[in-house]
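The values are calculated or read from the model by the stated rules, or taken from the named source; none is laboratory data. The shown structure was predicted, so the numbers you read here are calculated from the model rather than taken from an experiment. Using ideal geometry, Cβ is built from the backbone for each residue, glycine included, and neighbour counts are taken over all protein chains shown.
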Amino acid sequence: MIEITGVMIQYFKSCKRELWFYAHRINMNYDNEDIALGKLIHEKSYSRENKEIKFDNMAFDFVKKTNNLTIFEVKKSRKLVEPAKYQLYFYLWNMKNSGIDAKGVLVYPDERKRESVELTDEISREMKIIIKEIKKIISLKTPPKSIIKPYCKKCSYYELCMV
Ligand code: SF4
């Protein structure tokens, strides 16, 4: 059975071809400065918080428990804000399905910005459709065609897509 992850949800929203590569474990991450920078931000940011909390098939950047549970997702920049939001929606939706109401916050340490993310009934319905669609894409024998986007040049699969 295919295990759907938050990263897959993110790729579904940003690039379905990248989703297919990722799900098929075609890894081109070496040498990509952006990915290295992203990892560094993760390591240096919020060093006093508990990081990488795992729950089922999810790994949260960190969580805070006050009256409610808040899940934080750290991102390098706001260029791909929609995919990042859906990744967090996916976590909130999974938590809700486990009986836990949580809130979400996207954090951009470089820009010193935070954005609250809340799960609605509409997004919950959409999430079920997205998961079905992801399964269909992953089951394809070959990756979906390249659709050139502004961020392709920064993608680790760029060379693979351009040949
Ligand atoms: S280079 Fe562009 S089309 Fe190819 S996987 Fe990356 S984002 Fe998708």
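Rundown of residues vs (1) closer than 30 Å to LEU69 by Cα; (2) under 16 Å from the mean Cα position of the chain (by Cα); (3) more than 16 Å from the ligand (Cβ to nearest atom); (4) buried (at least 16 other Cβ atoms within 10 Å of the Cβ), yes/no style:
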{"site": "ASN97", "(1), (2), (3), (4)": "yes, no, yes, no"}
{"site": "VAL105", "(1), (2), (3), (4)": "yes, yes, yes, yes"}
{"site": "ASP121", "(1), (2), (3), (4)": "yes, no, yes, no"}
{"site": "ILE147", "(1), (2), (3), (4)": "no, no, no, no"}
{"site": "LYS154", "(1), (2), (3), (4)": "no, no, no, no"}
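Check ASP56, ASP61 and return the single one that is surrounded by fewer than 14 Cβ atoms within 10 Å (Cβ to Cβ) and either on the phi > 0 side of the Ramachandran plot or not small (Gly, Ala, Ser) (or both).
ASP56
Given the options GLU159, GLU126, GLU73, name the one that is closer than 22 Å to CYS15 by Cβ, of a type in the set (Asp, Glu), assigned to a helix (DSSP H, G or I) and away from the ligand (no atom under 16 Å from the Cβ). Spell out how you get there, then give the answer.
Working: GLU159 fails: away from the ligand (no atom under 16 Å from the Cβ); GLU73 fails: assigned to a helix (DSSP H, G or I).
That would be GLU126, the only listed residue that is closer than 22 Å to CYS15 by Cβ, of a type in the set (Asp, Glu), assigned to a helix (DSSP H, G or I) and away from the ligand (no atom under 16 Å from the Cβ).
Going by the conditions given, is LYS132 within 16 Å of the ligand (Cβ to nearest atom), not β-branched (Val, Ile, Thr) and not in a loop (DSSP other than H, G, I, E, B)?
Spelling it out, it is not the case that LYS132 is within 16 Å of the ligand (Cβ to nearest atom), not β-branched (Val, Ile, Thr) and not in a loop (DSSP other than H, G, I, E, B).
Could you please give the count of residues in the range 94-111 that are closer than 14 Å to PHE72 by Cα and either at pLDDT below 90 or aromatic (Phe, Trp, Tyr) (or both)?
The total comes to 2.
Please find, within the range 1-34, the residue that is modelled with the lowest pLDDT out of those that are of a type in the set (S, T, N, Q) and in contact with a helix residue (DSSP H, G or I) (Cβ under 7 Å, 6 or more places away or on another chain).
Per the criteria, the residue is ASN29.
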